[in-house]
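Below is one structure, written out as structure tokens; the observations come after it.
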DNA sequence: ACCTGAACACCGTTCAAGT
DNA sequence: ACCTGAACACCGTTCAAGT
């Protein structure tokens, strides 16, 4: 009977790394909105006040967690194709990485992310645009536009995954969920008075239809084609 | 001395309209995140539980408030120009309306807005795209893309206005605030190791520069040019 | 220096009870 | 039907006090 024996891994001293890693895991498990300072502290077997030694507030913790999510993004390589193919791949990967961690992407809409991982992917994004012969001013503004596209697309994906988990926790086919989701929206559009909303009514099936991947690829093509149409 | 005299306008019976109008006013005054069910109730001189007679939860209240914000959007008329000029004007007006009510635009990123005012502007957006000869499938996907652009742009504007109010509550020039804002970001980019981030370093002044209006017009032109490049 | 118990000032939502 | 007091189960953040 020496000092109180414990089953947990020797109380693992607190660190910023441990806090941020735990936060990302909790975001995945509980969702962004449900991750409180108190829950993070609980998961680390400490009190909420202890977190404030490492982090100014919840927003700063989430900004750090955002950067950790971005760390998952593998930069495209030369064999992935020309600058444009690689740029599309890079954007898709950032969207996928953020979208898989619930609403962590919301950080990117209120902040300009400046963590090391965000800078890494931004550097590559700008490098590829420049390699494509886009002029410097356009590169800068395009990065802004891609940032908006990335954040909003990631949130869209996160919302879809959340709805999927809510209606079907056993991970059924994506088609099943897509159907449940657009069924409601389709009903809204179909029940609309056709004389007041003729265009929505006419396009109703197209508004809710379209597999996610093709839609996303189309949108990215629109932005890139538009970019090349400037200057 | 009859029944307790009151200075307030005879206790104004509760209604969904009054609740939503009050909520939008509070969003403007306190900011989206600070508007709680309790504060709305307080402003209406009732208890928070009373709100739940009219509204399922906070999210539903905010969705209704979002639609009220959209009500401010005046549709462009024939004299505003051709379909493209009118579309650009419409998008600008939606962004401006949402952006002037703090983060109410965040509703548009998690929901597909289906309130009557949202449907009104969506109908016009789709009608203009169709008038431009865009094919039906592209119209539907373009509406989605414009929706992302609108919501994220509005949040960007709201964040800028918030920062402006925080640093300068006396409504000084926009230039002053813009300087304060980009000063910090500029510093971040300039202090970056030029060998690790050569492109960011090279483009630093362009990344933070550029007046808001020109930047926004450029982004919208990119999307529209890209749209016309399809099919 | 690092950590934390306890407190402060809040939340959204529910529900039994009232009119 | 409409309203609400009171409660439940939470929040983020601070700070004096401890090691």
Next on the checklist: Output the 0 to 90 degree angle, nearest 10, between the alpha-carbon long axis of helix B:136-167 and the longest principal axis computed from the alpha carbons of chain B.
Outcome noted: 70 degrees
Checklist outcome for this item: Length gained, residue B:217-residue B:77, 0.36 nm per residue minus C-alpha separation, equals 48.4 nm
Item to check | At 7 Å out from Cα toward Cβ: residue B:212 inter-copy label distances (nm, ascending) | outcome: 3.3
Checklist entry - Using Cα atoms only, what is the angle between the long axis of helix B:58-70 and the major principal axis of chain B, expressed in degrees (0 to 90) to the nearest 10? => result 70 degrees
Checklist outcome for this item: When A:141, A:218 are ranked with the fewest other C-beta atoms within 10 Å first, the list becomes A:218, A:141
Next on the checklist: Distance in whole Å from the B-onto-A rotation axis to the closest C-beta of chain B, together with the residue it belongs to, please.
Outcome noted: B:226, 1
Next on the checklist: Per 0.36 nm of contour for each residue apart, how much would the distance between residue B:160 and residue B:21 grow if the chain were fully extended, relative to their Cα-Cα spacing?
Outcome noted: 47.6 nm
Item to check | Volume of the Cα convex hull of the range B:99-138, divided per residue and given in Å³ | outcome: 95 Å³
Checklist entry - Hey, for residue A:59 with labels 7 Å out along Cα-Cβ, what do the inter-copy distances come to in nm, ordered shortest first? => result 2.4
Checklist outcome for this item: Under the helix-only model (-39500 (n - 2.57) for each DSSP H run of 4 or more, divided by the residues of the protein assembly as shown), the mean residue ellipticity at 222 nm, to 500 deg cm²/dmol, is -21500 deg cm²/dmol
Next on the checklist: Placing the label point 7 Å from Cα along the Cα-to-Cβ direction, what are the distances from residue B:29 to the equivalent spots in the other copies, shortest first, in nm to one decimal?
Outcome noted: 4.1
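Order the peptides B:46-52, B:150-156, A:31-37 from the highest to the lowest mean number of other Cβ atoms within 10 Å of their residues.
Order by mean packing, descending: B:150-156, A:31-37, B:46-52.
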Checklist entry - In square nanometres, what is one fourth of the surface area of the convex hull spanned by the alpha carbons of the protein assembly as shown? => result 31.4 nm²
Item to check | Longest to shortest principal axis, alpha-carbon extents of chain B, angstrom | outcome: 78, 48, 32
Next on the checklist: How would B:86, A:160 line up from fewest to most surrounding beta-carbon atoms within 10 angstrom?
Outcome noted: A:160, B:86
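Where a number appears in this text, it was derived from the coordinates with a stated rule and is not lab data. What you are looking at is a predicted structure, and each value in this text was computed from that prediction instead of being measured. Every residue, glycine among them, receives a Cβ derived from its backbone with ideal geometry; neighbour counts consider all protein chains shown.
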